2 protein chains.
Amino acid sequence: MYVIGERINGMFKDVRQAIQAKDKSVIQELARKQVASGAHCLDVNVGPASDDPLWAIQWLVESIREVSDAPIAIDTTKGDVMAAGIKAAGPGSVINSTTGQQAKLDALLPLAAANDASLVALTIDEKGIPRDAGGRVEIALRVVAAAMEHGISPDRIYVDGVIIPVSADQVTPTHVLNTIAQCKMLSDPPPKTILGLSNVSQGTAYRELINRTYLVMALAHGLDAAIMDPMDSEMMDAMITAELLLNRNVYCADFLKAYRASAQ
Amino acid sequence: MYVIGERINGMFKDVRQAIQAKDKSVIQELARKQVASGAHCLDVNVGPASDDPLWAIQWLVESIREVSDAPIAIDTTKGDVMAAGIKAAGPGSVINSTTGQQAKLDALLPLAAANDASLVALTIDEKGIPRDAGGRVEIALRVVAAAMEHGISPDRIYVDGVIIPVSADQVTPTHVLNTIAQCKMLSDPPPKTILGLSNVSQGTAYRELINRTYLVMALAHGLDAAIMDPMDSEMMDAMITAELLLNRNVYCADFLKAYRASAQ
């Protein structure tokens with residue numbers, strides 16, 4: 001599974017303070033630690049940390065690039081911040097995120113095409129978040145079709161079925177699992193599927209338990225990627241074990257250590 | 001999920017010694033503890049503990065019945081031991097197990113019908129264990145059809161897709177998950193599905209982690225029951241959380257405690 005590390009986000013106090021103090025060592029340490037824990041890509045989100053997000057996104061990306069060449073996901077709703085971040089991050093980066101709204105697609109698909117970037121696509125359109133899996137897959141199909149018109153292969157799209165907290169709605173987790181499974185049948189190659197995992201447990205007790213349990217359920221339905229905390233070692237254990245049981249990792253006696261050794 | 005507690009089995013040293021010493025307090029304590037931990041049914045297997053399994057099965061069942069009226073699953077390959085155990089356990093007990101072999105069905109379906117028992121049906125026939133899910137479901141269908149001829153409703157059959165250790169074969173776990181999902185489409189009502197969970201981790205490191213990860217994956221595919229250790233609290237946490245995410249338990253702030261309180 002493609003692990004996108006979520007920790008470089010101005011919503012976290014340590015990151016917010018580092019941005020405000022222009023202390024790149026904190027950012028670089030988070031980059032190093034996430035990659036060492038198994039992240040394949042680093043999500044970067046300025047959040048509410050700066051009045052100058054255009055400066056901040058470039059400073060974050062450049063700080064990371066001094067210590068890591070891991071792909072970077074630029075996580076913002078602002079068009080100019082996205083464009084600046086994607087250019088700074090270089091080819092192979094990830095636009096996080098578009099939706100199925102036409103205005104978003106018109107702005108972000110050309111950016112992805114021009115910069116050889118992948119896109120996270122939330123299954124939201126002008127009417128909002130669909131109630132069930134069918135509506136989500138319909139939006140995913142429209143995004144895939146629009147991407148292909150821009151020369152973007154479906155497997156550069158990461159469909160995010162938009163999980164909401166289980167404390168607010170207990171039906172959506174199943175709809176999102178079905179969305180993951182059904183996306184496999186959309187195209188050849190199919191789009192990838194992704195989860196913003198921690199959303200499922202917002203406002204609940206036992207957050208880590210809920211996160212890792214839902215991750216395992218999603219992997220069993222074919223999940224390709226997640227935005228998550230790779231430093232949560234119990235979550236990574238659950239992920240490695242689920243992939244072992246799905247024959248995505250080769251079994252060996254000490255499969256947890258073997259996976260981590262190969263991730264370094 | 002229907003939890004069948006696996007601990008009263010002569011393969012375990014404490015049970016073997018209790019049978020040999022005719023010390024029913026050990027058996028009764030295991031019965032009480034498993035039920036208190038969330039078991040809905042108690043599996044009973046003499047195993048290699050006694051030269052007189054016909055006596056032993058009846059002694060085990062009678063010892064349990066003094067402290068619990070939970071349904072009992074009689075776990076043996078011997079026809080006379082099964083018949084004696086089922087009669088001692090009373091209506092609503094579970095025959096563990098039949099296979100799809102005609103001789104087994106001819107012996108065990110009448111016993112189930114006469115004693116209002118359910119049956120665990122391993123997807124094994126005269127040719128052995130099928131390679132994939134399709135072969136497993138085919139056997140399940142034959143068992144369901146044969147059961148109906150004896151007046152046994154499909155939902156009294158627990159189809160066990162026969163998991164084997166992931167250390168020996170990494171393809172089977174996926175076939176068994178697909179078997180669970182496909183069994184839902186076999187009949188109306190469909191047969192139930194069950195796993196002998198600990199088999200998946202035999203001979204591996206991190207057994208509990210593998211067991212609970214596979215349980216969550218199977219629940220996400222619709223698993224109805226498992227033969228497992230209900231005193232493994234991390235496994236029970238994973239199960240409760242998966243059922244919460246599948247909307248099988250109602251969410252509340254302290255859902256782990258709430259589930260356990262309602263199980264008492």
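What number of residues within the range B:13-49 are open to solvent by less than 30 Å² (accessible area, probe 1.4 Å) and more than 16 Å from the chain's Cα centre (by Cα)?
Going through the range B:13-49 one residue at a time, the tally reaches 7.
Out of the range A:214-237, which residues are open to solvent by 10 Å² or more (accessible area, probe 1.4 Å), under 26 Å from A:Arg32 (Cβ atoms) and within 11 Å of chain B (Cβ to nearest Cβ)? Please lay out each step first, then the result.
Residues of the range A:214-237 open to solvent by 10 Å² or more (accessible area, probe 1.4 Å): A:220-222, A:224, A:227, A:229, A:231-234, A:237.
Right, trim to under 26 Å from A:Arg32 (Cβ atoms) and you get A:224, A:227, A:229, A:231-234, A:237.
Correct list: A:Glu234, A:Asp237.
Residue by residue through the range B:146-170, note down the ones that are under 17 Å from B:Ile124 (Cβ atoms), within 14 Å of chain A (Cβ to nearest Cβ) and out of contact with any Gly (no Cβ under 9 Å at 6 or more places or on another chain).
Step one: filter the range B:146-170 for residues under 17 Å from B:Ile124 (Cβ atoms), giving B:146-147, B:157-165, B:168-169.
After this cut, where a residue has to be within 14 Å of chain A (Cβ to nearest Cβ) as well, the list is B:161, B:163-165, B:168-169.
B:Gly161, B:Ile164, B:Asp169 - these are the residues of the range B:146-170 that are under 17 Å from B:Ile124 (Cβ atoms), within 14 Å of chain A (Cβ to nearest Cβ) and out of contact with any Gly (no Cβ under 9 Å at 6 or more places or on another chain).
Is it fair to say A:Gln58 is in contact with a Gly (Cβ under 9 Å, 6 or more places away or on another chain) and open to solvent by 10 Å² or more (accessible area, probe 1.4 Å)? Please lay out each step first, then the result.
On the way: in contact with a Gly (Cβ under 9 Å, 6 or more places away or on another chain): yes; open to solvent by 10 Å² or more (accessible area, probe 1.4 Å): yes.
Answer is yes for this residue.
So which of A:Asn249, A:Asn199, A:Asn211 is free of Cβ contacts under 8 Å to residues at least 40 places away in the same chain, within 11 Å of chain B (Cβ to nearest Cβ) and either open to solvent by 30 Å² or more (accessible area, probe 1.4 Å) or within 19 Å of B:Val176 (Cα to Cα) (or both)? Full working, then the answer.
Working: A:Asn199 fails: within 11 Å of chain B (Cβ to nearest Cβ); A:Asn211 fails: either open to solvent by 30 Å² or more (accessible area, probe 1.4 Å) or within 19 Å of B:Val176 (Cα to Cα) (or both).
That would be A:Asn249, the only listed residue that is free of Cβ contacts under 8 Å to residues at least 40 places away in the same chain, within 11 Å of chain B (Cβ to nearest Cβ) and either open to solvent by 30 Å² or more (accessible area, probe 1.4 Å) or within 19 Å of B:Val176 (Cα to Cα) (or both).
How many residues are part of a loop (DSSP other than H, G, I, E, B), within 10 Å of chain B (Cβ to nearest Cβ) and of a type outside the set (Gly, Ala, Ser) if we restrict to the range A:252-264?
Initial filter on the range A:252-264 (part of a loop (DSSP other than H, G, I, E, B)): A:252-254, A:264.
Of the ones still in play, those that are also within 10 Å of chain B (Cβ to nearest Cβ) are A:252-254.
Applying the additional criterion that residues be of a type outside the set (Gly, Ala, Ser) yields A:252, A:254.
Adding up the residues that qualify gives 2.
Would you tally the residues in the range B:172-193 being part of a loop (DSSP other than H, G, I, E, B) and either open to solvent by 10 Å² or more (accessible area, probe 1.4 Å) or within 13 Å of chain A (Cβ to nearest Cβ) (or both)? Reasoning before the result, please.
Restricting attention to the range B:172-193, the residues satisfying the condition of being part of a loop (DSSP other than H, G, I, E, B) are B:184-191.
Now restrict to residues that are either open to solvent by 10 Å² or more (accessible area, probe 1.4 Å) or within 13 Å of chain A (Cβ to nearest Cβ) (or both): B:184-190.
Final tally of qualifying residues: 7.
Name every residue in the range A:123-147 that is under 15 Å from A:Asp106 (Cβ atoms) and either hydrophobic (A, V, I, L, M, F, W, C) or touching a helix residue (DSSP H, G or I) at 6+ places or on another chain (Cβ under 6 Å) (or both), in order of residue number.
Let us first name the residues in the range A:123-147 that are under 15 Å from A:Asp106 (Cβ atoms), namely A:125-126, A:142-143, A:145-147.
Those that are under 15 Å from A:Asp106 (Cβ atoms) and either hydrophobic (A, V, I, L, M, F, W, C) or touching a helix residue (DSSP H, G or I) at 6+ places or on another chain (Cβ under 6 Å) (or both): A:Asp125, A:Val143, A:Ala145, A:Ala146, A:Ala147.
Which pairs do you get when a residue that is within 14 Å of B:Ala113 (Cα to Cα) and open to solvent by 40 Å² or more (accessible area, probe 1.4 Å), found in the range B:77-97, comes within reach of a residue that is assigned to a helix (DSSP H, G or I) and not hydrophobic (A, V, I, L, M, F, W, C), reach meaning Cβ atoms under 9 angstrom, with the pair 6+ apart or on two chains?
That search, which allows pairs on different chains as well, returns B:Lys87/B:Gln58; B:Lys87/B:Asn115; B:Pro91/B:Asn115.
Name every residue in the range A:194-233 that is outside any helix (DSSP H, G or I) and of a type in the set (Asp, Glu), in order of residue number. Don't jump to the end; show me each part of the working.
Just the residues of the range A:194-233 that are outside any helix (DSSP H, G or I), to begin with: A:194-196, A:202-206, A:221-232.
Selection gives A:Asp224, A:Asp229, A:Asp232.
State all residues of the range B:126-143 that are surrounded by 20 or more Cβ atoms within 10 Å (Cβ to Cβ) and not in a loop (DSSP other than H, G, I, E, B); if no residue qualifies, say none. Before you say what the answer is, go through the steps one by one.
If we filter the range B:126-143 for residues that are surrounded by 20 or more Cβ atoms within 10 Å (Cβ to Cβ), which is where we start, we get B:130, B:133, B:136-137, B:139-140, B:143.
Within the range B:126-143, B:Ala133, B:Arg136, B:Val137, B:Ile139, B:Ala140, B:Val143 meet the criteria.
Give the residues of the range B:175-187 that are touching a residue at least 12 places away in the same chain (Cβ under 8 Å) and out of contact with any Lys or Arg (no Cβ under 6 Å at 6 or more places or on another chain), sorted by residue number.
Step one: of the range B:175-187, the residues touching a residue at least 12 places away in the same chain (Cβ under 8 Å) are B:175-184, B:186-187.
Of everything in the range B:175-187, those that are touching a residue at least 12 places away in the same chain (Cβ under 8 Å) and out of contact with any Lys or Arg (no Cβ under 6 Å at 6 or more places or on another chain) turn out to be B:His175, B:Val176, B:Leu177, B:Asn178, B:Ile180, B:Ala181, B:Gln182, B:Cys183, B:Lys184, B:Leu186, B:Ser187.
The values are calculated or read from the model by the stated rules, or taken from the named source; none is laboratory data. Small disclaimer: the values here were computed from a predicted structure and weren't measured. Cβ coordinates were reconstructed from backbone atoms using ideal geometry, including for glycine residues, and neighbour counts include every protein chain displayed. Accessible surface is based on the protein model in full, side chains and every heavy atom, while ligands, DNA and RNA are left aside. Shrake-Rupley method; radii C 1.70, N 1.55, O 1.52, S 1.80 Å.
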